[in-house]
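Notes for the one structure printed next.
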Amino acid sequence: MDGVRLAEYILKELRDRQDQISDQLSGGLIKTMEDYRFLMGELTALRSFESDFKEVLRKTTGDSFDE
């Protein structure tokens, strides 16, 4: 697997997990405030990592990897 395909795979997995969390939050599946806080923390971390990852890719490849 070359670097570009690996980067695309990682970004896809990050986006898929963010979508899963968003679906849980909007679907009324959260039972406790602790669950809500945990998912919001995970979502924030994933978004931050995705942003940092794309910035590194942009600097090293010149490609933005945006959809």
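The values are calculated or read from the model by the stated rules, or taken from the named source; none is laboratory data. Predicted model, so just to flag it, every value in this text is computed and none were measured. Because the Cβ atoms are built from the backbone with ideal geometry, glycine has one as well, and the counts that use them run over all protein chains shown. Side chains are part of the model used for accessible areas, which takes the heavy atoms of the whole protein and leaves out ligands, DNA and RNA. Shrake-Rupley method; radii C 1.70, N 1.55, O 1.52, S 1.80 Å.
Using the structure shown, decide if Thr32 is more than 9 Å from the chain's Cα centre (by Cα) and either open to solvent by 50 Å² or more (accessible area, probe 1.4 Å) or more than 24 Å from Asp63 (Cα to Cα) (or both).
Considered against the rule, which asks whether it is more than 9 Å from the chain's Cα centre (by Cα) and either open to solvent by 50 Å² or more (accessible area, probe 1.4 Å) or more than 24 Å from Asp63 (Cα to Cα) (or both), Thr32 comes out as yes.
Are any of the residues in region 47-61 open to solvent by 60 Å² or more (accessible area, probe 1.4 Å), in a helix (DSSP H, G or I) and aromatic (Phe, Trp, Tyr)?
Taking every residue of region 47-61 in turn, at least one turns out to be open to solvent by 60 Å² or more (accessible area, probe 1.4 Å), in a helix (DSSP H, G or I) and aromatic (Phe, Trp, Tyr).
Go through (1) open to solvent by less than 70 Å² (accessible area, probe 1.4 Å); (2) within 27 Å of Glu8 (Cβ to Cβ) for Asp19 and report which single condition fails.
Of (1) open to solvent by less than 70 Å² (accessible area, probe 1.4 Å); (2) within 27 Å of Glu8 (Cβ to Cβ), only one is false for Asp19: (1).
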